[in-house]
1. So which of Glu170, Glu145 is over 30 Å from Asp104 (Cβ atoms) and touching a residue at least 40 places away in the same chain (Cβ under 8 Å)?
2. Quick one: how many residues across the stretch 152-172 are over 18 Å from Lys214 (Cα atoms) and open to solvent by 10 Å² or more (accessible area, probe 1.4 Å)?
3. Can you give me the number of residues within the stretch 78-88 that are open to solvent by 60 Å² or more (accessible area, probe 1.4 Å) and not in a loop (DSSP other than H, G, I, E, B)?
4. The conditions are (1) open to solvent by 30 Å² or more (accessible area, probe 1.4 Å); (2) touching a Pro at 6+ places or on another chain (Cβ under 6 Å); (3) under 24 Å from Gln116 (Cα atoms), and Asp143 fails exactly one of them. Which is it?
5. Considering only residues that are modelled with pLDDT of 95 or more and either open to solvent by 70 Å² or more (accessible area, probe 1.4 Å) or of a type in the set (Phe, Trp, Tyr) (or both), which ones fall in the stretch 89-112?
6. Would you check which residues across the stretch 1-33 are without any contact (Cβ under 8 Å) to a residue 24 or more places away in the chain and assigned to a loop (DSSP other than H, G, I, E, B) and list them?
7. Within the stretch 178-200, track down each residue that is in a loop (DSSP other than H, G, I, E, B) and farther than 22 Å from Thr14 by Cα.
8. Within the stretch 46-62, count every residue that is part of a loop (DSSP other than H, G, I, E, B), touching a strand residue (DSSP E or B) at 6+ places or on another chain (Cβ under 7 Å) and at pLDDT 90 or above.
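The values are calculated or read from the model by the stated rules, or taken from the named source; none is laboratory data. The structure presented is a predicted model; accordingly, all values stated were derived computationally and were not measured. Cβ sites come from the backbone with ideal geometry, for glycine too, and all protein chains shown count toward neighbours. Accessible surface areas use protein heavy atoms only, side chains included; no ligands, DNA or RNA. Shrake-Rupley method; radii C 1.70, N 1.55, O 1.52, S 1.80 Å.
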Amino acid sequence: MKIQWLGHSCFRLTESTGTTVITDPFKPAAVGYAMAYATADAVTLSHDHDDHNYIDGIKGTPSVIKAVGNHDFKGISINGIPSYHDEAEGAKRGENIIYKFSLDGVTVCHLGDIGQPCSPELIEQLFPVNILLLPVGGTYTIDAEQAKDYVERIMPDAVIPMHYKSKHCEMDIDKLDSFVRLFDDENIIETESDVLEFDRADFNGECTKIIIPKRYKG
């Protein structure tokens, strides 16, 4: 399976069958730069904010998933898990849906705009995870330290950070460095492509790698 980061919290997941799912497409004016214009068979939305729900930015007429519960889409298993956008059980910014995907035997977890602290009850619902798509920028989500707590408790094979202040982002959120410096250099991988390929056999459970796609580094 392949993962392409389209910016902010938006990823394009592609199964070997060719079926594609895009997560949290964003309105350019809400973030400060344009999302790559891509096609998808389905789109998942973690919540109804402009930087996560811009369906018009997707080519074609994809099926839209924006609800908790189990969704089976053309062989891809998608599970929506309820959570909160803030530490006050949604009183500040509302609710958030975490999505777990199973593609070609690889489990991908997209935390959306998670703002609540880690809890044993939530972590139990998320296990197991091969690839964790994790917000790290703070202000509107968990910050770098809280994100590290999620990593240590979930223990995924790989983490791809998202929702941070990259070069053209105009949002009041932290840069990637605040998160990356919390991990050993030997576990940081900066790729030479914005498209990442994974196979179930790639994961041995020995340690967690922090993977930074080339296109949105910095």
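1. Glu170
2. The total comes to 7.
3. 2
4. With respect to (1) open to solvent by 30 Å² or more (accessible area, probe 1.4 Å); (2) touching a Pro at 6+ places or on another chain (Cβ under 6 Å); (3) under 24 Å from Gln116 (Cα atoms), Asp143 is out only on (2).
5. Glu95, Tyr99, Phe101
6. Matches in the stretch 1-33: Gly18 only.
7. Matches in the stretch 178-200: Arg181, Leu182, Phe183, Asp184.
8. 3
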